[in-house]
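Note sheet for the following structure.
The values are calculated or read from the model by the stated rules, or taken from the named source; none is laboratory data. Bear in mind the structure is a predicted one, so any value in this text is a computation, not a measurement. Backbone-built Cβ (ideal geometry, glycine too); neighbour counts: all protein chains shown.
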Amino acid sequence: MNYIKAINAFYDHQEFNPLTSAAINLWHSLMHVNNKSRWKEEFTAPMSVLCLKSSLSESGIRKARQELVEKGYITFTSRPGNQAPIYHIIPLYEEMENDIENDNRGGNTNGNQSGKSNTLIKQNETKEKEEVVARDENPHHFYENNIGTLSPYIAESITKWCEELSDDLVIESMKLAVRSNKPFFSYCEGALKQWQQSGVRTLKAVERAQANHKKTRQKPTKNKSLFDKLREEVQS
């Protein structure tokens, strides 16, 4: 499996087949397990391992797994006893490449697949022209578009913060990191921890907190300026 193509196709596919944050997290966890298995077409993944990597509960894993199956991202086969299920991650980029190739040859008889492929190409062309703020489909997608490669550890952390606060606040922390020229998730997490401790739960509350922070930082400057004026008056 081509890891980079798989990641790009995964997020492109969500343009017309979106997933919840939990399902995105599970997909990345399965990709990590498959990477450890040296990209086998089929591989096993115990529930305990997936819970550890995704920080999801067993019921959360089952729900997210079913979503991935229903939306065409993976297949899996349960096994009896304590045997781990067998998973297969569908290489979406191969489907897309085949659709485009068939379109070019004029041999695609599946109108639905052709329509999806053409729609995806148009969406990608439009997406390249859009500004960063217009591409906030989900926090994981925003991170990859604006900060860097999404590792399984960061994907897990993003999902955790989305559950504890909200998707909007997680994206806002990433925007803050980009604006501050500090494109690191540790910077995002620092902002999220501060907001959590301060009871900030909405974007408006973030704006108020940032405005108050600016005022606090400006106070010493104002005091110094006033002191300088008083000193000038005394000396004159």
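A single member of Ser37, Ser78 is closer than 20 Å to Ser151 by Cβ and surrounded by fewer than 16 Cβ atoms within 10 Å (Cβ to Cβ), and it is Ser37.
Hey, does the range 153-165 have a residue that's at pLDDT 80 or above, farther than 22 Å from Ile61 by Cβ and part of a helix (DSSP H, G or I)? For the range 153-165, residues at pLDDT 80 or above, farther than 22 Å from Ile61 by Cβ and part of a helix (DSSP H, G or I): absent.
Report whether or not Tyr3 is closer than 22 Å to Tyr153 by Cα and within 20 Å of the chain's Cα centre (by Cα). Against the criterion (closer than 22 Å to Tyr153 by Cα and within 20 Å of the chain's Cα centre (by Cα)), Tyr3 qualifies. Within the range 43-72, which residues are buried (at least 18 other Cβ atoms within 10 Å of the Cβ) and more than 21 Å from Ile154 (Cα to Cα)? Once the filter is applied, which keeps residues that are buried (at least 18 other Cβ atoms within 10 Å of the Cβ) and more than 21 Å from Ile154 (Cα to Cα), the range 43-72 yields Phe43, Glu67. Just one residue in the set Ala6, Ala23, Ala84 is of a type outside the set (D, E, K, R) and not in a helix (DSSP H, G or I); that residue is Ala84.
The sole residue among Ala23, Ala9 that is surrounded by 14 or more Cβ atoms within 10 Å (Cβ to Cβ) and either in the same structural domain as Ser151 (by TED's automatic domain parsing) or within 22 Å of Pro85 (Cβ to Cβ) (or both) is Ala23. Which members of the range 57-89 meet the condition of being farther than 23 Å from Lys160 by Cβ and of a type in the set (Asp, Glu)? If the condition is that a residue be farther than 23 Å from Lys160 by Cβ and of a type in the set (Asp, Glu), then Glu70 is the only one that fits. The requirement of being at pLDDT below 90, closer than 23 Å to Pro139 by Cβ and among the hydroxyl-bearing types (Ser, Thr, Tyr) is fulfilled nowhere in the range 16-31; no residue meets it.
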